[in-house]
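Every read-out reported here was derived from the displayed coordinates using simple, explicitly stated rules and does not represent laboratory data. Quick caveat: nothing in here was measured; it's all calculated off a predicted structure. In this analysis, Cβ positions are derived from the backbone assuming ideal geometry, glycine residues included, and neighbour counts consider all displayed protein chains.
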2 protein chains.
Amino acid sequence: MALTKEPKINAQRLNDTLQSTCTSWGALAAPSTGMCRLTLSPEDKEVRDWLVAECKSLGCAVKVDQMGNIFAVRPGRVQDAKPIAMGSHMDTQPAGGRYDGILGVQSALEVLRTLHENNTTTQLPVALVNWTNEEGARFPGAMMASGVWSTHSSTPLEACWDLQDKEGIRMKQALEDIGYLGETKADYRENGLECHFELHIEQGPLLEKEGKTVGIVTSVQGMKWFAVRVEGVEGHAGATPMPGRADAIVTASRLITAVRDAALTTELGVATVGVIKSDTSSQATISAGVDFIIDVRCTTDEMVDQLAFTIFKAFDHIITEENNGTSYTISRSWGMPQSVFHPRCIEACRSAALKVVGVDQVMDMKSRAGHDTAWTSRVCPSSMIFVPSKDGLSHNPNEYTSPEHCAIGAQVLLDAVLHYDEKARSGDYPGS
Amino acid sequence: MALTKEPKINAQRLNDTLQSTCTSWGALAAPSTGMCRLTLSPEDKEVRDWLVAECKSLGCAVKVDQMGNIFAVRPGRVQDAKPIAMGSHMDTQPAGGRYDGILGVQSALEVLRTLHENNTTTQLPVALVNWTNEEGARFPGAMMASGVWSTHSSTPLEACWDLQDKEGIRMKQALEDIGYLGETKADYRENGLECHFELHIEQGPLLEKEGKTVGIVTSVQGMKWFAVRVEGVEGHAGATPMPGRADAIVTASRLITAVRDAALTTELGVATVGVIKSDTSSQATISAGVDFIIDVRCTTDEMVDQLAFTIFKAFDHIITEENNGTSYTISRSWGMPQSVFHPRCIEACRSAALKVVGVDQVMDMKSRAGHDTAWTSRVCPSSMIFVPSKDGLSHNPNEYTSPEHCAIGAQVLLDAVLHYDEKARSGDYPGS
């Protein structure tokens with residue numbers, strides 16, 4: 001009886017599956033254990049196809065929505081209830097690791113496998129969700145598809161479909177190309193979830209520093225992105241005198257330095273430029289234009305706005321000071337407001353974590369990275385579980401979380417789902 | 001008699017041919033009159049094939065060397081003498097114009113056509129030369145193939161062949177792909193020229209400013225290029241605190257600003273960064289590395305070295321000041337020393353210019369841009385003729401030189417060739 005009541009995930013199977021699927025689809029060249037599995041790439045298609053087949057073999061019904069989000073639903077006693085979801089993403093940065101996002105989906109699969117082999121019947125359906133383009137590394141706009149689903153994204157469905165990658169391929173085309181342009185509406189009102197749990201690596205150093213194993217995430221900081229275009233005047237690098245040049249790269253360089261300085265001196269949060277592109281590919285040309293993206297994140301939305309204001313005030317000052325004919329425009333901006341997670345889900349995760357690792361190993365924390373759960377939290381009860389990132393590294397091929405920590409995370413995920421389901425069954429949660 | 005002695009180029013034919021071949025091969029989308037005819041591209045192949053056919057139809061023998069340089073030689077009375085060459089290039093910047101390089105080759109063709117239709121017999125052979133990859137826009141290294149031919153390039157033949165474009169295509173492969181990997185040695189000692197003239201647009205504002213029509217170029221400033229690699233540590237843009245970041249883009253931005261500041265404050269010459277590449281294509285990643293190229297040009301080689309020294313001293317200061325784990329290395333450097341042109345060729349050009357436009361319209365000048373003639377001048381008598389660039393613009397789709405100025409340039413080129421040939425015939429020039 002205890003066995004069916006308290007199913008245990010299979011740590012070895014979880015690790016084997018995670019490693020082998022990473023090695024098969026999107027691994028960087030050995031000895032790196034890094035990953036390049038850009039969203040909707042051939043590698044992403046292959047791992048999606050495998051995931052769909054696995055979920056079907058466990059008796060799940062699989063739906064794909066208009067943004068390529070995959071919902072694999074294991075039935076519960078209540079036939080038409082909305083499912084308890086375990087979601088994350090399988091896409092990675094161009095030079096990312098094996099855990100960011102991937103651990104969440106693989107652990108969700110391990111939970112489904114464990115429920116299946118234990119013949120566990122839940123009150124509510126239980127779903128695995130694979131969200132499309134969480135990284136925003138191929139099509140700019142992180143947490144894109146969960147944003148569309150929650151109808152809170154600043155980029156609506158049609159505008160997302162129209163975004164282009166570096167090769168000029170539109171997102172809708174990319175979805176079609178790999179066979180994941182689904183017919184289910186990408187809208188929580190038509191394809192809802194009872195609640196959403198996400199197991200994720202911390203991507204920071206705090207758990208390791210505090211000697212804890214599990215983080216109970218209570219909120220996600222607010223974020224904004226600004227695509228900036230600097231315009232200058234193209235010219236010959238040899239024949240154009242220094243005074244009077246309208247050099248877009250020089251101005252962009254000053255602006256990028258100002259982004260860092262503003263974040264450092266105000267201490268409001270973090271601000272980063274990772275992507276930069278010059279109009280010219282010739283060393284002998286003064287660039288007519290430069291594009292870059294600013295990523296701003298702070299604990300509250302007010303702080304995000306304040307930091308952005310400081311940055312653009314510095315920009316205006318630099319443009320005035322340079323006074324050389326260069327200018328900047330914000331060609332696109334989008335963002336994700338701060339998120340506070342739901343007490344029910346936080347309680348489910350905390351209760352599960354206390355059972356799995358004990359009170360000494362658990363801490364509450366805020367997420368400084370964005371996650372799909374920040375969007376789901378706007379339309380259904382949601383929360384997250386963090387496990388440690390070695391040296392705090394992420395978005396880096398050396399990203400690492402030990403198999404033991406992965407297994408603990410997956411067990412906490414399973415127990416949180418069962419905790420929520422039991423509460424729902426016993427009527428503790430009036431219909432969400 | 002006068003007609004055969006003083007042949008006149010056909011201004012209409014020159015302009016028609018220049019415009020129609022630009023429109024056919026490499027034109028940017030209208031209404032722009034700009035060009036993108038990268039070296040060894042399909043467009044470059046087509047214009048080369050056309051040029052070879054034209055020259056053959058005028059009775060020229062055509063040789064292609066190991067760097068794809070085309071030598072179209074019209075025989076003279078002295079059968080095995082080295083030819084008087086008129087050289088330039090038909091490749092352009094990715095967003096260049098219709099005149100930089102192209103005018104020199106098209107005018108050389110117009111000279112050959114004029115000699116042909118006048119049945120002019122010269123003492124020495126007269127050659128049109130199309131130099132490969134003058135721009136260095138596809139394979140980094142400007143004036144590359146004339147540098148190899150003169151054996152003065154810091155990048156020798158095999159190393160040039162091994163250079164890759166952005167797509168990873170090696171130069172030797174690119175030469176093979178368009179059928180221009182010739183068997184003639186790319187070496188002036190095996191395939192020599194008596195002398196080398198080049199008609200070119202000024203690419204600066206001086207002729208226009210002074211109200212002159214023809215510039216007699218007496219020297220070319222020295223140039224050096226440095227490929228710089230900045231290394232940092234990749235990280236998550238949200239989860240990595242500002243203090244302690246080793247952000248390669250921020251450091252690169254400060255270095256690029258320092259390049260401009262060093263050139264501006266020392267007044268030694270010009271220094272430009274046109275190309276920049278970040279390791280990451282993700283807005284949410286702190287970049288682990290940035291590559292950029294510095295282009296340094298001064299009147300003398302000593303000044304080039306002094307400006308480069310000032311730049312790298314500033315770099316070291318910034319690295320020390322940042323003290324954040326970022327560093328820089330010079331991953332490749334190459335250059336072209338200052339050039340002083342040959343009195344014989346300068347005299348031929350000046351004499352021709354005085355005849356064509358009169359003394360009020362002619363001025364001596366230095367070239368601030370690099371040219372193939374800077375390399376040829378190291379191994380054979382050489383000089384250049386400049387015609388005005390509207391607004392000093394070049395390496396820009398709006399680059400423009402009027403048909404009248406183009407025609408004047410071509411006539412000066414023809415007359416300079418005939419002047420040199422006459423001097424050679426009359427024995428004024430002891431064998432070069």
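A few notes on this one:
- For the pair A:S57 and A:R77, a Förster radius of 25 Å applied to the C-beta separation gives a FRET efficiency near 0.70, rounded to the nearest 0.05.
- Computed extension gain for B:S426 through B:R378, at 0.36 nm per residue and net of the alpha carbon distance, reaches 14.8 nm.
- The stretch B:132-207 shape via C-alpha gyration tensor axes, a/c threshold 1.5: oblate
- From its DSSP helices (H runs of at least four residues, each -39,500 (n - 2.57)), the protein assembly as shown gives a residue-normalised ellipticity at 222 nm of -11500 deg cm²/dmol.
- Those aspartates and glutamates that a straight Cα-Cα span of less than 16 Å connects to A:K423, excepting residues fewer than 8 apart in one chain: A:E6, A:E194, A:E347, A:D415
- Linear extension gain, B:T265 paired with B:D291, 0.36 nm per residue minus alpha-carbon span: 6.9 nm
- The stretch A:20-38-the stretch B:20-90 distance, computed between alpha-carbon centres (Å): 47 Å
- Ranked by how many other beta carbons lie within 10 Å on average, peptides B:57-63, B:403-409, B:88-94 from highest: B:88-94, B:403-409, B:57-63
- Aspartates and glutamates whose Cα lies under 13 Å from that of A:K172, excluding same-chain neighbours fewer than 8 positions away: A:D65, A:E158, A:D162, A:E183
- Shape class for the stretch A:135-276, computed from the alpha carbon gyration tensor (a ≥ b ≥ c): oblate, with a/c not under 1.5 and a/b at or below b/c.
- Counting only alpha carbon atoms, the long axis of helix A:42-57 and the longest principal axis of chain A meet at about 10°.
- Under 17 Å from A:K8, Cα to Cα: lysines that are on another chain or at least 8 residues apart: A:K355
- Distance between modelled label sites at A:K166 and B:W50, nm, 7 Å Cα→Cβ extension: 3.3 nm
- The stretch A:124-192-the stretch A:276-348 distance, computed between alpha-carbon centres (Å): 23 Å
- 0 to 90° range, to nearest 10: angle between helix A:301-322 axis and chain A longest Cα axis: 20 degrees
- Residue-averaged beta-carbon neighbours from other chains (10 angstrom radius) around A:389-396: 5
- Difference of contour (0.36 nm per residue) and Cα-Cα distance, B:S32 to B:D391: 127.6 nm
- Pairs from the list A:K166/A:K366; B:K56/B:K82; B:K166/B:K390 with a Cα-Cα gap above 22 Å: A:K166/A:K366; B:K166/B:K390.
- Orphan Cys of chain A, criterion: no other Cys C-beta under 4.7 Å: A:C22, A:C36, A:C160, A:C195, A:C298, A:C345, A:C349, A:C380, A:C406
- Among B:Q12, B:Q283, B:Q411, the largest mean-square fluctuation in a Gaussian network model of chain B, built with springs joining Cα atoms closer than 10 Å, belongs to B:Q283.
- Kirkwood analysis of the Cα pair distances in the stretch B:222-336 returns a hydrodynamic radius of 14.5 Å.
- With a simple spin-label model that places each label point 7 Å from the Cα along the Cα-to-Cβ direction, the separation between B:T23 and B:N398 comes to 2.3 nm.
- Three-way shape label, the stretch A:347-417, alpha-carbon gyration tensor, a/c 1.5: oblate
- Relative contact order computed over the stretch B:275-432 (Cα-Cα under 8 Å; 6+ residues apart), in percent: 20 percent
- Closest Cβ on chain B to the rotation axis that carries it onto A (distance rounded to whole Å): B:S253, 2
- Loop-located GluC sites (Glu not before Pro) in the stretch A:23-60 (DSSP state other than H, G, I, E, B) with a sparse environment of at most 16 neighbouring Cβ atoms within 10 Å are absent.
- Local charge for A:G222 was computed over the other residues whose Cβ lies under 14 Å away, with Lys and Arg +1 and Asp and Glu -1, and equals +1.
- In this rough spin-label picture, where each label sits 7 Å from Cα along the Cβ direction, the B:T121-B:K8 distance is 2.6 nm.
- The mean sequence distance of close C-alpha pairs (under 8 Å, at least 6 residues apart), as a share of the length of chain B, puts its relative contact order at 22 percent.
- Value of relative contact order over the stretch B:108-166, rounded to a whole percent, pairs C-alpha under 8 Å and six or more apart: 22 percent
- Under 13 Å, Cβ to Cβ, from A:G392 - net charge with Lys/Arg +1 and Asp/Glu -1: -3
- For the residues of B:24-31, the average number of beta carbons from a partner chain within 10 Å of their own beta carbon is 0.
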